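S.K.: Here it is, the structure in full.
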Amino acid sequence: MELAIDTSTETASIALSSHGELISELTWHAGQSHTTELVPNLTCILEQTKLNLKDLTGVIVAKGPGSFNGLRVGMSFAKGLALSLNIPLVGISTLEVEAFPYAATALPICPIQNAGRGEIATALFQVKRGKWCRLVEEHITTIEKLIPEIKGPTIFCGEMQQAVIFQLEEKLGRKARIFKGSAAFRRGGYLAELGWRRLEASDFDHSPTLEPLYLRRPAITVSRKVKI
């Protein structure tokens, strides 16, 4: 049995699966309360399924990008659990989790997440020759720079701000296939499925060294030399 944990953003989700097949999941609006809500919700889902943490054979965690505190909560809990139970751990990109539900469309999929300061976090995924592929790595950019890079029909998904949706629709027209509302929510079940693929291939992460994926560029301070 696998446990998937996603506390990347204000929308949190956990899922229990068996060989990647969903057993149960819980998705909720956590806001900034990941620290106080993760364990009670995990306890709830375990009680409902009558399962025990000792039954776990792997842990899967969404590693970001996302909020600093949210990612730290999920990552710390996942790493502690994997180490204490001596079971494998894998970290999956949050943007990949957002894109994965639309894999069957065979279209390019561009997940978008607000990164603050007028910037976005994004990547590009698509099924190529029957294989799920990352075409463009996770990176920070702006919606103005992204739009000219879109050459054909593309699915846009993720927790996008309304202003971003408006720009995509206005500039790209029919090339922008946008999923809104509940269809845009990340779910732990998709994280579980992606994570199982790596667990099955024995493609594990090293628990002590796995870190959240922070894309925010650090502020650059230009030193000023005092002239004498």
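S.K.: Assess whether ASP6 counts as being assigned by TED's automatic domain parsing to the domain that holds LEU194, surrounded by 17 or more Cβ atoms within 10 Å (Cβ to Cβ) and not polar (S, T, N, Q).
M.R.: On the way: assigned by TED's automatic domain parsing to the domain that holds LEU194: yes; surrounded by 17 or more Cβ atoms within 10 Å (Cβ to Cβ): yes; not polar (S, T, N, Q): yes.
Criteria met by ASP6.
S.K.: Another question, if that's okay. Give just the number: which of (1) closer than 30 Å to GLN162 by Cβ; (2) assigned to a helix (DSSP H, G or I); (3) in contact (Cβ under 8 Å) with a residue 40 or more places away in the chain; (4) not hydrophobic (A, V, I, L, M, F, W, C) does THR36 not satisfy?
M.R.: The single condition THR36 does not satisfy is (3).
S.K.: May I ask you to list pairs of residues, at least six apart or on different chains, whose Cβ atoms are under 7 Å apart, with the first in the stretch 137-154 being under 13 Å from GLY173 (Cα atoms) and the second being assigned to a loop (DSSP other than H, G, I, E, B)?
M.R.: As it stands, the answer is PRO153/LEU107; THR154/LEU107; THR154/PRO108, since those pairs meet every condition given.
S.K.: While we're on this one: When GLU170 is evaluated against the numbered criteria (1) farther than 30 Å from ALA82 by Cα; (2) in contact with a Lys or Arg (Cβ under 6 Å, 6 or more places away or on another chain), which criterion, by number, is the only one it fails?
M.R.: All conditions are met except number (2).
S.K.: ARG117 fails exactly one of the following numbered conditions: (1) in the same structural domain as ASP6 (by TED's automatic domain parsing); (2) at pLDDT below 95. What is the number of that condition?
M.R.: That leaves (1) as the condition not met.
S.K.: Here's something else I'd like to know. Consider GLU193 against the criteria (1) acidic (Asp, Glu); (2) touching a Ser or Thr at 6+ places or on another chain (Cβ under 8 Å); (3) outside the structural domain of LEU26 (by TED's automatic domain parsing): it satisfies all of them except one. Which criterion is unmet?
M.R.: In the conditions (1) acidic (Asp, Glu); (2) touching a Ser or Thr at 6+ places or on another chain (Cβ under 8 Å); (3) outside the structural domain of LEU26 (by TED's automatic domain parsing), GLU193 misses (3) alone.
S.K.: From VAL97, VAL59, grab the single residue that is in a strand (DSSP E or B) and closer than 16 Å to SER17 by Cβ.
M.R.: On the way: VAL97 fails: in a strand (DSSP E or B).
When all the criteria are applied, what remains is VAL59.
S.K.: Under the condition of being modelled with pLDDT of 95 or more and small (Gly, Ala, Ser), which residue from the stretch 21-63 is nearest to GLU10 (Cα to Cα)?
M.R.: The extreme case among them is ALA62.
S.K.: Could I ask something else about it? Of the residues that sit in the stretch 54-86 and are among the hydroxyl-bearing types (Ser, Thr, Tyr) and closer than 23 Å to LEU199 by Cα, which one is surrounded by the fewest Cβ atoms within 10 Å (Cβ to Cβ)? I'd like the intermediate steps shown before the answer.
M.R.: Here is the first cut: in the stretch 54-86, the ones among the hydroxyl-bearing types (Ser, Thr, Tyr) are 57, 67, 76, 84.
Still in the running and closer than 23 Å to LEU199 by Cα: 57, 76, 84.
On the way: THR57: 13, SER76: 14, SER84: 9.
The selected residue is SER84.
S.K.: Could you figure out which of (1) buried (at least 17 other Cβ atoms within 10 Å of the Cβ); (2) in contact (Cβ under 8 Å) with a residue 60 or more places away in the chain isn't true of LEU51?
M.R.: Unmet for LEU51, out of (1) buried (at least 17 other Cβ atoms within 10 Å of the Cβ); (2) in contact (Cβ under 8 Å) with a residue 60 or more places away in the chain: (2).
S.K.: Moving on to the next point. Scan the stretch 103-112 and give yes if some residue there is among the polar types (S, T, N, Q) and not assigned by TED's automatic domain parsing to the domain that holds ILE155, otherwise no. Give the steps one after another, and end with the answer.
M.R.: Taking the stretch 103-112 as the starting set, the residues that turn out to be among the polar types (S, T, N, Q) are 105.
Now restrict to residues that are not assigned by TED's automatic domain parsing to the domain that holds ILE155: none.
Within the stretch 103-112, not a single residue is among the polar types (S, T, N, Q) and not assigned by TED's automatic domain parsing to the domain that holds ILE155.
S.K.: So which helices (runs of 4 or more DSSP H) are wholly in the stretch 140-220 and hold at least 2 residues that are touching a helix residue (DSSP H, G or I) at 6+ places or on another chain (Cβ under 6 Å)?
M.R.: On the way: elements: 143-146, 162-172, 188-200.
Hits in the stretch 140-220: 162-172, 188-200.
S.K.: Could you tell me whether SER223 is out of contact with any Lys or Arg (no Cβ under 9 Å at 6 or more places or on another chain), part of a loop (DSSP other than H, G, I, E, B), at pLDDT 95 or above and more than 25 Å from ALA30 (Cα to Cα)? Explain how you work it out, then say what you get.
M.R.: Details: out of contact with any Lys or Arg (no Cβ under 9 Å at 6 or more places or on another chain): yes; part of a loop (DSSP other than H, G, I, E, B): yes; at pLDDT 95 or above: no; more than 25 Å from ALA30 (Cα to Cα): yes.
Taking the combined requirement at face value, the residue does not satisfy it.
S.K.: Within the stretch 132-141, is there a residue that is among the aliphatic types (A, V, I, L, M) and crowded, with 19+ Cβ neighbours inside 10 Å?
M.R.: Initial filter on the stretch 132-141 (among the aliphatic types (A, V, I, L, M)): 135-136, 140.
Okay, now just the ones that are also crowded, with 19+ Cβ neighbours inside 10 Å, so none.
No, that holds for no residue.
The values are calculated or read from the model by the stated rules, or taken from the named source; none is laboratory data. Keep in mind that what you see is a predicted model, and the values were worked out from it rather than measured. Cβ: placed from backbone, ideal geometry, glycine included. Neighbour counts: every protein chain shown.
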